[in-house]
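A quick write-up on the structure given underneath.
Please treat every number below as a calculation from the coordinates, not as lab data. Please read all numbers here as calculations on a predicted model, not as lab measurements. Virtual Cβ from ideal backbone geometry, glycine too; neighbours counted across all protein chains shown.
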């Protein structure tokens, strides 16, 4: 209703709906027969299937012997739904990462980047379902090792056309397509290190699965120039600070996984039992309430991280023993003569029993007989009755 008395229609304003990204069926990256299979030229006498090169020739394949990859994966265009999305397969397609899968939506493996939040069925396999080994190869190539979580890639044979920061930007731009790169305290804020004038770079991802995918996707590829990259696993960082940080990160990840697997009711029950053992008080939410009656020494001990719970319990027991005075000792009767006090008490007890039962005292305590004559009493000495 308007001011002039005429009715006006109210037009509802459409609200914006959140866009949900839907995957379309994966496209076929290549057609059968498009990719020509080119074998590396023979540089030795025997072919080593472990290192995937000829042995007995040069110590290392020269730069000219490397063949540039004919295809490359484009994650935005090539990602899509496959049969693996309906069958429950958790592993990615190896040929999809290399950009040469001819099956597309008919593939039995995933055509997407690996999801770090989804755990693989077998930890001894990589994201492509290939078996890992106990040790790395001498050239740090291949699938990798299951004894160490490696998230860093070694990228060699880079053509540097500018400063170190410019080269680092080029490397990061090409490698960030295949996963999220780790942050650090460097000038750029990214864990991409370039060794200037040595044509070497190190790229660290947040997830090992992304590092596995990027290693296959960028192998024998090129950056902005016409180079052929040599992508390998990086060796362990000898910096002690990095080792401590990596150990702390793995421990936090393990604790987070265990916390998710446990029942919250069991966690609350364990927290309550521990509080009862330590003498702490918890509120309704399970948080610790500081006890005002605690001594200052005990508070300092709790603030100290190096004191374990067992030590605190022993100290509390000692404090309770000191605070409660010992009971007064009963006065023990002193011994009289040759007999002890216990022996005298026993004799008194038995004498009372004899008196109650009407038993005469022993012969030693009887009265002496009266004498009839006041003579010498010779008969008393030579009498046969007396012994």
Taking 0.36 nm per residue of separation between residue 274 and residue 258 and subtracting their Cα-Cα distance, the length gained on full extension comes to 3.9 nm
Taking a label point 7 Å from the Cα of residue 119 along Cα-to-Cβ, the residues of the stretch 231-269 whose backbone nitrogen sits under 19 Å from it are 249-267
With the 8 Å Cα cutoff and a minimum separation of six or more residues, the stretch 115-272 has a relative contact order in percent of 24 percent
Distance in nm between residue 345 and residue 51 label points, each 7 Å along Cα→Cβ, equals 9.4 nm
Ranked output for segments 167-174, 194-201, 181-188 by mean other Cβ atoms within 10 Å, highest leading, reads 167-174, 194-201, 181-188
To the nearest 0.05, the calculated FRET efficiency linking residue 105 and residue 195 through their beta-carbon distance, R0 being 45 Å, is 0.60
Expressed as a whole-number percentage, the relative contact order of the stretch 145-204 with C-alpha contacts under 8 angstrom and at least six residues apart is 46 percent
In nanometres, the difference between 0.36 nm per residue of separation and the alpha-carbon distance of residue 237 and residue 146 is 31.0 nm
Per the 1/(1 + (r/R0)^6) rule, R0 = 41 Å and r from the Cβ atoms of residue 30 and residue 185, FRET efficiency to 0.05 is 0.45
Among the stretch 83-116, those whose backbone N falls under 18 Å of a label point 7 Å along Cα→Cβ from residue 71 are 83-84, 92-114
Hydrodynamic calc, the stretch 132-239: Kirkwood Rh from Cα pairs, then Stokes-Einstein at 20 °C with viscosity 1.002 mPa s, so D in µm² s⁻¹ is 153 µm²/s
By the mean-Cβ-within-10 Å protection proxy, highest first, 106-113, 84-91 rank as 106-113, 84-91
